[in-house]
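Report on one structure; see the data block that follows.
The values are calculated or read from the model by the stated rules, or taken from the named source; none is laboratory data. None of these values were measured; they are calculated from a predicted model. Methodologically, a virtual Cβ is constructed for each residue, glycine included, from the backbone with ideal geometry; neighbour enumeration extends over all protein chains shown. Ligands, DNA and RNA are excluded from the accessible area calculation, which covers all protein heavy atoms including side chains. Shrake-Rupley method; radii C 1.70, N 1.55, O 1.52, S 1.80 Å.
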Amino acid sequence: MSGEPQRTLLLWCPDWPVLAAEIVDGVPATDPVVVLHANRVIACSERARAEGIRRGLRRREAQGRCPHLTVVDHDPGRDVRAFEPVVAAVEEVVAGVEVIRPGACATAARGPSRYLGGEEAAAERIVEHVAQSCAVESQAGIADGVFAAGLAAREGRIVAPGGTREFLAARPVEALGRPALADLLRRLGVRTLGDFAALPAGDVLARFGFDGALAHRLAGGRDDRPLAVRQPPADLTVTADYDEPVDRVDAAAFAARMLAERLHERLAGYGLACTRLGIEAVTAHGQELHRVWRHDGLLTAAAVADRVRWQLDGWLSGSNGRGGTRPARPTAGIVRLRLVPDGVLAQAGLQPGLWGETGEERERAHRALSRVQGILGPEAVVTAVLGGGRSPADQVRLVPWGDERAPARPGPPPLPSPAPAASPSPAVGAAPGAASASVVVPASGVRAGRRAGRGRAVAEPPWPGRIPPPSPAVVLPAPLPADVRDAAGEPVVVSARLAVSAAPARLTVGDGRPAEITGWTGPWPVDERWWAPAEARRRARFQVSLADGAALLLAVEGGQWLVEAIYD
């Protein structure tokens, strides 16, 4: 926020929301038209202003002043879509344009003024080109900084270099575009930007806060940030047209290698590398095929060629692997092939591994899995990503190979491993043979541990009610029904206050034989979405170890016992 403001040329299109409604929706801007947001006028046409309508009026008052008024709802998307051709027209004359808002864009004035014969000539050239290309009337202003250039554009004025402070000094404080601040300054006797800029910066910050300090800088002719121009994107796409349709895999492999080398050379010329590749093909019958490949590293020329060859092989052969149906093969050969670098980054921006580049074994595995994806589709190869959740099933998300490995739910920090003598968390999942010796906890100890665990869950916001470590090795896709009974053969029941009727002694899973429970701990209660009756779930979980060395994660919900996961 330091340094002299940059000489800026700003193009302003008056009443842009009204013009956007005419361009997109066909509303005649020559009629009395207003654009409303929150039932207030935010823009109006020239005819509407002639009827006494101003910004800030309520709808009823505006219609009272002009009964035949045309009312249009505010649509920011419409304003942006209509303004894009104007920005493109400006970029045909000057390089590097920053969109301030729909209806206003800015660029550095130094370059256009040097090769167009001065600042006035540059402003006239841009306004004339926009009028001819887009049939849109506009005004240009040049001053030191974006804020001053915006005020100068409303008058079609070019402020001399170094005269920005004098130009702003006589402006009312309402020019800052902060109604609340302007009202407060007026009540304090500060009426112009010059009066506001004369106040000490430290006092302004202490009295009006950060936003007031920012407005104080603008009033003094200093911008809050340098101009961030929009650079036209480079065309990195490579395309190959074939006179003879390509319908053989060997011919497709040769075409893929040649096109991949062209893409790699083009990216290298810009100092870029590809991380996500779009492969597009058009057949002789006009059928369009498209697939996107993603890579967690940089795609070399050989890697690009391999992926294009695999994809073409999958399209032309139509194979879907064992036991699957064959997808529809293209009805004709490929006559056009296009490679689109959908994701690029600076070639020096990828940090290599600590001990060198990725090993050959991992690269071979990645190539093999990527080839399977090219034949079967991206969802055919998935990997697990751990995240947050209360149950083991909620904590795992399956992500297609090569996609961003982001968890579905934010995970809490890992819990410390509990001490064997003081925690109800078992060593159930550690070693089945030793489970019975380390899991058995007296009933009083279980209840005390449960209360302590509940206290920790309340103090720790992320995912209260989740089971403590260790995590189970196998999570069943569908829980298995089970039956848990005590030593007397009676069903074990968990009350609404989480009181266990008796110590679990025998477990029967489905139609299997009963197994003796040698150790157990729990319950861990979970009461989810209680505010939505249709989605509410209330259950409790137990960890148990059996006499045969198995360890299971059980849940009881609605009086029904279920086996959710298996410990290794």
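As a summary of the residue check, Ala534 satisfies the conditions (1) within 27 Å of Val396 (Cα to Cα); (2) buried (at least 17 other Cβ atoms within 10 Å of the Cβ) except for the one numbered (2).
Scanning segment 105-134 for residues that are outside any helix (DSSP H, G or I), surrounded by fewer than 24 Cβ atoms within 10 Å (Cβ to Cβ) and within 36 Å of the chain's Cα centre (by Cα) yields a total of 1. Restricting attention to segment 277-286, does a residue exist that is over 23 Å from Gln373 (Cβ atoms), open to solvent by 30 Å² or more (accessible area, probe 1.4 Å) and modelled with pLDDT under 85? Looking for residues that are over 23 Å from Gln373 (Cβ atoms), open to solvent by 30 Å² or more (accessible area, probe 1.4 Å) and modelled with pLDDT under 85, one finds none in segment 277-286, hence no. When segment 44-70 is filtered for residues that are in contact with a helix residue (DSSP H, G or I) (Cβ under 7 Å, 6 or more places away or on another chain) and open to solvent by 10 Å² or more (accessible area, probe 1.4 Å), the ones remaining, listed by number, are Glu51, Gly52, Leu69. The residue list Leu205, Leu193 contains one member that is modelled with pLDDT of 85 or more and closer than 30 Å to Gly96 by Cβ, which is Leu193. Of the strands (runs of 3 or more DSSP E) that lie entirely inside segment 481-568, those containing 3 or more residues that are closer than 19 Å to Arg466 by Cα and in contact (Cβ under 8 Å) with a residue 12 or more places away in the chain span 515-528, 537-546, 551-557, 560-567. Quick check on Asp31: is it in contact with a strand residue (DSSP E or B) (Cβ under 6 Å, 6 or more places away or on another chain) and open to solvent by 50 Å² or more (accessible area, probe 1.4 Å)? It is true that Asp31 is in contact with a strand residue (DSSP E or B) (Cβ under 6 Å, 6 or more places away or on another chain) and open to solvent by 50 Å² or more (accessible area, probe 1.4 Å).
Here the condition is being without any contact (Cβ under 8 Å) to a residue 40 or more places away in the chain and in contact with a Leu (Cβ under 8 Å, 6 or more places away or on another chain); of Pro179, Pro172, Pro112, it holds for Pro172 alone.
All conditions in (1) touching a helix residue (DSSP H, G or I) at 6+ places or on another chain (Cβ under 7 Å); (2) farther than 29 Å from Gly389 by Cα hold for Pro491, with the sole exception of (1). Take the conditions within 27 Å of Ala215 (Cα to Cα) and among the acidic types (Asp, Glu) and apply them to Asp73. Does it pass? So Asp73 does not fit the description; no. In segment 376-403, the residue that is surrounded by the most Cβ atoms within 10 Å (Cβ to Cβ) out of those that are among the aliphatic types (A, V, I, L, M) and assigned to a loop (DSSP other than H, G, I, E, B) is Val381. Could you say whether any residue in segment 177-188 is in a loop (DSSP other than H, G, I, E, B) and either crowded, with 19+ Cβ neighbours inside 10 Å or within 37 Å of the chain's Cα centre (by Cα) (or both)? Scanning segment 177-188, I find at least one residue that is in a loop (DSSP other than H, G, I, E, B) and either crowded, with 19+ Cβ neighbours inside 10 Å or within 37 Å of the chain's Cα centre (by Cα) (or both), so the answer is yes. Here Val41 passes the criteria (1) over 16 Å from Arg7 (Cα atoms); (2) out of contact with any Pro (no Cβ under 8 Å at 6 or more places or on another chain); (3) open to solvent by 10 Å² or more (accessible area, probe 1.4 Å) except the one numbered (3). The residue list Leu227, Leu218 contains one member that is crowded, with 16+ Cβ neighbours inside 10 Å, modelled with pLDDT under 80, farther than 27 Å from Leu369 by Cβ and touching a Gly at 6+ places or on another chain (Cβ under 9 Å), which is Leu227. Restricting segment 85-99 to residues that are in contact with a strand residue (DSSP E or B) (Cβ under 9 Å, 6 or more places away or on another chain) and open to solvent by 60 Å² or more (accessible area, probe 1.4 Å) leaves a set whose member that is nearest to Ala140 (Cα to Cα) is Val99. The strands (runs of 3 or more DSSP E) falling completely within segment 1-62 that include 2 or more residues that are within 20 Å of Glu155 (Cα to Cα), in contact (Cβ under 8 Å) with a residue 12 or more places away in the chain and touching a Cys at 6+ places or on another chain (Cβ under 9 Å) map to 7-12.
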